[in-house]
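Values in this text are rule-based calculations from the coordinates and carry no lab data. None of these values were measured; they are calculated from a predicted model. As a convention, Cβ positions derive from the backbone with ideal geometry for all residues, glycine included, and neighbour counts pool all protein chains shown.
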């Protein structure tokens, strides 16, 4: 039987003629109906008032303060193939993106909007990778494949104190049969301060079940001068306690760099260091991504992921750091999943 997500590379699958159906959800066609686009009729105050129906009448929505907007509500089986959106930076940490798969009460994806697209610190900067792309003007793109068997609901909760005008979005999905052993995408945001006494930051824990870990995004705020990226990234898999199964050689190494990122930022298909910002009057801020697409980290029962905040002191020896770290962990697993920790209020998500 021909399934969505047939094994093989994207280019290998392109010539295959398959019996699937493609749909797209926008502000103009919010239900993603067949033949449902370009139907809005402009009023006299609309930008398209002199053009009439079919000419970009409703390209965006307003995010109301304190309200939750339903971005998509889709019946399966289907796979979300691409998400594009753009909005003011005011929404990046003040609006919470949530995905609910197959009628579950608790979201499987819950992150501030900007961080899901690897734009942390409430800043815009380019990210040029395979599953996530963004440009300096604020266009966000996700190519994470998101299959679901029965139902998908995507919401965006605005916790900003005022309405945010101009949320443009498009969700493209295909309907068709899915293989039985399919998992759903999960993404969880966290933020914490490391200390000299406890310089280890938890990217992910309390995951139960079988799946594969596929990505890490870090938004790192540096409070100590000098080099900050010596810490090891560790993966505790299937019952590991004191000692992890996977232990890297340093933060910059895990994200594909070396030698203290001497030559600055870079973007590649699967890993990158897209932000290095140290302007006058600001604390230094960094952003890093690593997508485990060619090399997913498999787990059968559980997984925990951590990174150390470790620098080099004036004596040229390692020293623990007190830094502010936010993260998004991405993984696939079979449902049900363990509910996430409670999302902190907006004030506790703002960049320092």
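Considering only 250, 313, 139, the Gaussian network model of the chain with Cα springs below 10 Å gives its largest mean-square fluctuation to 313. Packing-based ranking of 102-115, 67-80 yields 102-115, 67-80, ordered from highest to lowest mean Cβ neighbour count within 10 Å. Of the peptides 329-338, 316-325, the order by per-residue mean of other Cβ atoms within 10 Å, starting with the highest, comes out as 329-338, 316-325.
Report the FRET efficiency, 1/(1 + (r/R0)^6), for residue 342 and residue 50, where r is their Cβ-Cβ distance and R0 is 45 Å, rounded to 0.05. Walk me through the numbers before you get to the answer.
Working: r = 49 Å, r/R0 = 1.10.
Once the sixth-power term is evaluated, E becomes 0.35.
With contacts taken as Cα pairs under 8 Å at a separation of at least 6 residues, the chain carries a relative contact order of 21 percent. By its C-alpha gyration tensor, with a ≥ b ≥ c as the square roots of the eigenvalues, how is segment 149-230 shaped: rounded for a/c under 1.5, else prolate for a/b larger than b/c, else oblate? Oblate. For the pair residue 282 and residue 240, label points projected 7 Å from Cα toward Cβ lie 3.4 nm apart. Relative to its Kirkwood radius, the Cα radius of gyration of segment 184-334 gives an Rg/Rh of 0.96. Place a label point 7 angstrom from the Cα of residue 65 along the Cα-to-Cβ direction, then list the residues of segment 158-188 whose backbone nitrogen is under 15 Å away. Those under the cut-off are 158-165. Extension gain for the segment residue 88 to residue 151, taken as residue separation times 0.36 nm less the Cα-Cα distance, is 19.7 nm to one decimal. Fully extending the segment from residue 38 to residue 260, taken as 0.36 nm per residue of separation minus the present Cα-Cα distance, adds 74.8 nm. Calculate the length of the line joining the C-alpha centroid of segment 233-260 to that of segment 64-106, in whole Å. The two parts, judged by their Cα centres, are 31 Å apart. Contact order, relative form, for segment 184-334: 48 percent (alpha carbon pairs under 8 Å, 6 or more residues apart, mean separation divided by residue count).
Assign one of three labels to segment 10-175, namely rounded, prolate or oblate, based on the Cα gyration tensor with a ≥ b ≥ c the square roots of its eigenvalues; rounded applies when a/c is under 1.5, prolate when it is not and a/b is larger than b/c, and oblate otherwise. Rounded. For the pair segment 12-62 / segment 115-134, the C-alpha centres are spaced 25 Å from each other.
The orientation-averaged projection of the convex hull spanning the C-alpha atoms of the chain amounts to 20.0 square nanometres.
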